[in-house]
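Quick notes on the structure that follows.
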Amino acid sequence: MKTWIAGGIIVLGLVTLGIFALLKNDDVYDQYGLHGLDVEEMVAQLDAQTLDPERISAGILETELVITTEDEGTVRYPVKEGQFYISIAPYIDNTHPCHNHNLVTCRSELAGETIEVVVRTLDGDVVIDETVQLYDNGFKGFWIPADQEYNIAVYYDGLSVETTIETFEDSGTCITEPLQLS
């Protein structure tokens, strides 16, 4: 009887350790809700969350989404031809220089704030005219047509900024320094 109880306790302990190991090493794609999503949906999902840089690295480049995890290694997902992701971070006092948006580590000062964004072609056609809430990282991303120049205006709490951005293959996806509000 004692042997049976001791054996049961050992088995229960091993099962419990196994469950904790599985929970600890759960699939990062499951953890962040990425399975079955297309590139645009993955970028939106990643940009809108606070991510653990110990578990995942993700960057959106001009032509691809690059995700690196311990389980999967580095996986590259091509962006649809003709599409370009810009991630904007308007700011008042502090920002960081950035070329391509890191969906895990980029942070800006107006996290969670509501802004108005207007993006127009150089011919004046409106591409975006929205009031949006910045993500917890202080950024907000938009998919717009590639290979063009645009005028962008951002409005926040009586402050504003206007600048020109480009969506060419070497333009960069992270728009920070030109977006200082005044």
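The values are calculated or read from the model by the stated rules, or taken from the named source; none is laboratory data. Everything numeric here is computed off the predicted structure, so don't read it as measured data. Please note: Cβ atoms are built from the backbone with ideal geometry, for glycine as well, and neighbour counts cover all protein chains shown.
Quick look at the values:
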read-out: Meets criteria (surrounded by fewer than 15 Cβ atoms within 10 Å (Cβ to Cβ), out of contact with any strand residue (DSSP E or B) (no Cβ under 8 Å at 6 or more places or on another chain) and not charged (D, E, K, R)) for residue 145; value: no
read-out: Leading residue by the ranking (nearest to the chain's Cα centre (by Cα)) among those in the range 121-142 that are exposed (fewer than 15 other Cβ atoms within 10 Å of the Cβ) and assigned to a loop (DSSP other than H, G, I, E, B); value: 136
read-out: In the range 27-69, residue modelled with the highest pLDDT [restricted to those that are acidic (Asp, Glu) and out of contact with any strand residue (DSSP E or B) (no Cβ under 9 Å at 6 or more places or on another chain)]; value: 41
read-out: Residues being surrounded by 12 or more Cβ atoms within 10 Å (Cβ to Cβ), free of Cβ contacts under 8 Å to residues at least 60 places away in the same chain and not in a strand (DSSP E or B) - total across the range 158-182; value: 1
